[in-house]
């Protein structure tokens with residue numbers, strides 16, 4: 001039987017890796033690196049079929065069955081449950097300000113927000129400062145890698161795909177809480193994602209079903225938004241090749 005303390009060893013190893021990371025400012029990628037476009041387009045078509053036959057109808061059901069306050073509460077709970085993972089990544093990035101802010105936010109919403117169902121921290125000036133291990137790899141100097149589209153998960157990059165896998169293990173609550181409580185957050189997160197499909201349905205439909213090339217548009221939107229975030233909101237660091245896609249448009 002694996003003890004919880006032993007299961008934290010990989011996280012502690014990542015802290016050591018952070019100490020070895022370079023001190024230079026990480027570079028945000030430019031252009032489109034998609035050598036496996038044929039395969040990615042096949043996965044994209046699979047994802048569109050899954051969305052059309054399963055996710056979109058399910059999201060409509062969730063939207064009809066749950067009133068907005070209930071959906072907001074589920075989303076708040078899922079976000080609060082995932083905050084420890086962001087805090088771990090903040091520390092791995094040596095981002096002490098965000099780690100402190102997210103820690104205070106976690107304490108406030110867990111205690112005064114009924115376990116995170118309510119979000120008083122945002123009203124008190126402490127919004128969530130989300131991050132992930134993909135961003136941690138970026139801070140450590142790992143290159144973005146080629147673009148990939150993952151089954152069910154959608155647009156990503158090689159670096160973010162690896163980061164998403166590692167993030168399955170970066171939340172301390174998954175080691176501390178007993179079963180089945182440790183699964184409450186992921187389940188709430190899944191329900192919240194389905195609800196988001198209904199909430200942003202018009203925008204998602206316009207990308208997947210109304211554009212001339214939904215694959216190219218989804219790829220560009222993902223890369224633009226991700227690079228904008230990694231660049232600290234500096235648009236100069238993002239790819240500016242909009243003319244490559246005449247069908248591109250934003251909300």
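Listing for the model above:
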| read-out | value |
| --- | --- |
| Residue in the range 44-51 that is under 23 Å from residue 166 (Cβ atoms) and modelled with pLDDT of 95 or more present | yes |
| Test: residue in the range 156-166 that is surrounded by 19 or more Cβ atoms within 10 Å (Cβ to Cβ), assigned by TED's automatic domain parsing to the domain that holds residue 79, modelled with pLDDT of 95 or more and in contact with a strand residue (DSSP E or B) (Cβ under 8 Å, 6 or more places away or on another chain) | yes |
| Any pair with Cβ under 9 angstrom, 6 or more apart, that starts in the range 121-134 at a residue that is in the same structural domain as residue 159 (by TED's automatic domain parsing) and ends at one that is loosely packed, with under 15 Cβ neighbours inside 10 Å and part of a loop (DSSP other than H, G, I, E, B) | 121/112; 121/127 |
| Test result for residue 129, part of a loop (DSSP other than H, G, I, E, B), buried (at least 16 other Cβ atoms within 10 Å of the Cβ) and touching a helix residue (DSSP H, G or I) at 6+ places or on another chain (Cβ under 9 Å) | yes |
| Failed condition for residue 251, given (1) closer than 22 Å to residue 60 by Cα; (2) at pLDDT below 95; (3) surrounded by 15 or more Cβ atoms within 10 Å (Cβ to Cβ) | (3) |
| Test: residue 82 is touching a residue at least 24 places away in the same chain (Cβ under 8 Å) and assigned to a loop (DSSP other than H, G, I, E, B) | no |
| Test result for residue 102, in contact (Cβ under 8 Å) with a residue 40 or more places away in the chain, outside any loop (DSSP other than H, G, I, E, B) and either in contact with a helix residue (DSSP H, G or I) (Cβ under 7 Å, 6 or more places away or on another chain) or buried (at least 16 other Cβ atoms within 10 Å of the Cβ) (or both) | no |
| Flag if residue 62 is assigned to a helix (DSSP H, G or I) and in contact with a helix residue (DSSP H, G or I) (Cβ under 8 Å, 6 or more places away or on another chain) | yes |
| Entirely in the range 164-240, the helices (runs of 4 or more DSSP H) that have 2 or more residues that are in contact (Cβ under 8 Å) with a residue 12 or more places away in the chain and within 21 Å of residue 131 (Cα to Cα) | 173-176, 184-199, 214-230 |
| Residue 153 vs. criteria farther than 20 Å from residue 90 by Cα and in contact with a helix residue (DSSP H, G or I) (Cβ under 8 Å, 6 or more places away or on another chain) | yes |
| Residue 144, sole failed condition from (1) outside any helix (DSSP H, G or I); (2) over 30 Å from residue 31 (Cα atoms) | (2) |
| Criterion: exposed (fewer than 14 other Cβ atoms within 10 Å of the Cβ) and within 21 Å of residue 65 (Cα to Cα) - qualifying residue of 210, 202 | 202 |
| Residue check for residue 74: part of a helix (DSSP H, G or I), surrounded by 13 or more Cβ atoms within 10 Å (Cβ to Cβ) and touching a helix residue (DSSP H, G or I) at 6+ places or on another chain (Cβ under 7 Å) | yes |
| Which numbered condition residue 60 fails, given (1) surrounded by 14 or more Cβ atoms within 10 Å (Cβ to Cβ); (2) within 22 Å of residue 126 (Cα to Cα) | (2) |
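The values are calculated or read from the model by the stated rules, or taken from the named source; none is laboratory data. What you see is a predicted model; the values in this text were computed from it and never measured. Positions of Cβ are backbone-derived with ideal geometry, glycine not excepted, and every protein chain shown enters the neighbour counts.
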